[in-house]
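Before any comments, here is the structure.
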Amino acid sequence: MDGRELPAHADCVELNRRYGAPERIVFRPSRHGVPIVVLANRYGSAEVALFGAQTLSYRPTGNPPVLYMPHPYDETPAGQEIHGGIPVCWPWFARCGGEGAKPHGLARYSTWQVRGTEYSEDLTEIRLGLTSSDETRAVWPHDFDLELSVSVSMKLTLCLTAKNTGDAPFKVTEGFHPYLLVKGREGVSVRGVDGCAFFDTRAPEKGGERVWTGDYAPIADGSKVFTVEKHEHVLLDPGLHRAIALVSRGNKKLVVWNPGPESAGRVAELGERGWDRFVCVEPATIYEDAALELAPGEEHKLVMAIQSVPEGANYQETKT
């Protein structure tokens with residue numbers, strides 16, 4: 001269903017009337033006053049918060065949750081970043097926004113508008129939008145339009161379309177930041193980075209980029225930033241007896257991150273052992289030398305699809 005955009009703080013009753021579908025697309029209130037939408041069909045379900053356009057959960061039918069959340073969304077203080085689910089990072093990734101900028105960009109701290117919903121027998125989707133305003137220009141002086149679609153089918157798919165609506169070019173870094181739920185960090189590995197150049201953010205003194213060989217076991221704290229050409233990766237988790245296939249397009253890098261106990265201790269919401277329950281596998285474009293430049297009127301798409309399959313199943317069919 002489409003129509004005129006509703007204000008960001010539209011009442012859930014009106015959102016359900018215009019965009020909802022019984023048992024398929026349901027808007028519900030949150031303690032923060034900003035709605036959450038639940039997407040469901042025979043393949044699974046997902047929840048998306050309008051604040052930050054952040055996917056909070058994804059659960060394929062008959063399978064464990066795919067995304068890690070340290071606690072229920074309503075327990076997060078209003079207006080703060082959430083370390084879980086899938087944050088949207090734009091127009092900068094990590095701390096690429098410069099001195100004093102909030103981590104991962106302004107999109108993560110903005111309330112998005114509903115632009116439309118669609119559903120069929122095999123797919124349930126919502127489209128959210130964010131446009132430049134006096135508030136966004138106060139922290140990033142450019143005009144833009146963002147649209148994020150989130151859909152549930154046999155997989156979870158996110159597509160972020162960024163358009164330069166101003167009269168001058170600008171550069172952005174960006175990414176999706178999925179917190180993938182694991183039984184425990186030990187024994188987990190990431191496939192698809194063999195032969196990729198990489199940079200270790202915790203050991204920059206060791207000579208910059210090197211080349212990785214084999215699968216990557218994220219048992220060291222911090223991030224590895226891989227330069228990728230083939231955008232197909234798999235998180236193998238023997239503890240939960242499953243593989244999470246992740247494919248993407250539009251990104252130049254893949255960031256694999258786990259904070260470990262030391263860094264996680266600075267993020268109270270993760271709890272004492274929360275760091276051991278997730279690995280982030282993030283399709284991203286990061287650092288100034290890899291930034292995307294958009295001319296006036298130009299747009300760029302970042303796409304990610306996630307599919308959870310039982311251990312030993314064929315995960316090669318996941319596509320964006």
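The values are calculated or read from the model by the stated rules, or taken from the named source; none is laboratory data. All values reported here derive from a predicted model rather than from experimental measurement. Cβ: placed from backbone, ideal geometry, glycine included. Neighbour counts: every protein chain shown. All accessible areas refer to the heavy atoms of the entire protein, side chains included, with ligands and DNA or RNA removed. Shrake-Rupley method; radii C 1.70, N 1.55, O 1.52, S 1.80 Å.
Just to be sure before I move on: is residue 115 within 16 Å of the chain's Cα centre (by Cα), outside any loop (DSSP other than H, G, I, E, B) and modelled with pLDDT of 85 or more in the structure I sent? Criteria not met by residue 115. In summary, residue 164 fulfils each of the numbered conditions (1) buried (at least 21 other Cβ atoms within 10 Å of the Cβ); (2) closer than 19 Å to residue 53 by Cα with the single exception of condition (2).
Considering the stretch 113-143 alone, what residues qualify as being among the polar types (S, T, N, Q) and in contact with a helix residue (DSSP H, G or I) (Cβ under 9 Å, 6 or more places away or on another chain)? Correct list: 117, 136. Pairing residues of the stretch 233-250 that are at positive phi with residues that are part of a strand (DSSP E or B) and open to solvent by 10 Å² or more (accessible area, probe 1.4 Å), at Cβ distances under 8 Å and at least 6 apart in sequence or on separate chains, gives 241/310; 250/300; 250/301. Considering the stretch 41-68 alone, what residues qualify as being of a type in the set (A, V, I, L, M), part of a loop (DSSP other than H, G, I, E, B) and within 18 Å of residue 109 (Cβ to Cβ)? Scanning the stretch 41-68 gives 50, 53.
Of the strands (runs of 3 or more DSSP E) that lie entirely inside the stretch 256-320, those containing 3 or more residues that are farther than 23 Å from residue 96 by Cα and at pLDDT 95 or above span 299-310. Residue 84 passes every criterion in (1) of a type outside the set (Val, Ile, Thr); (2) in contact with a Pro (Cβ under 8 Å, 6 or more places away or on another chain); (3) open to solvent by less than 20 Å² (accessible area, probe 1.4 Å); (4) assigned to a strand (DSSP E or B) apart from (4). The set of residues from the stretch 37-61 being under 15 Å from residue 84 (Cα atoms) and β-branched (Val, Ile, Thr) comprises 48, 55. I need the full set of residues from the stretch 24-74 which are closer than 26 Å to residue 273 by Cβ, free of Cβ contacts under 8 Å to residues at least 40 places away in the same chain and open to solvent by 30 Å² or more (accessible area, probe 1.4 Å), in order please. Of everything in the stretch 24-74, those that are closer than 26 Å to residue 273 by Cβ, free of Cβ contacts under 8 Å to residues at least 40 places away in the same chain and open to solvent by 30 Å² or more (accessible area, probe 1.4 Å) turn out to be 47, 57, 59, 72.
If you scan the stretch 125-160, which residues turn out to be open to solvent by 20 Å² or more (accessible area, probe 1.4 Å) and in a strand (DSSP E or B)? Those that are open to solvent by 20 Å² or more (accessible area, probe 1.4 Å) and in a strand (DSSP E or B): 125, 127, 131, 145, 147, 149, 157, 159. The single condition among (1) open to solvent by 40 Å² or more (accessible area, probe 1.4 Å); (2) of a type in the set (D, E, K, R); (3) over 18 Å from the mean Cα position of the chain (by Cα); (4) farther than 16 Å from residue 51 by Cα that residue 95 does not satisfy is (3).
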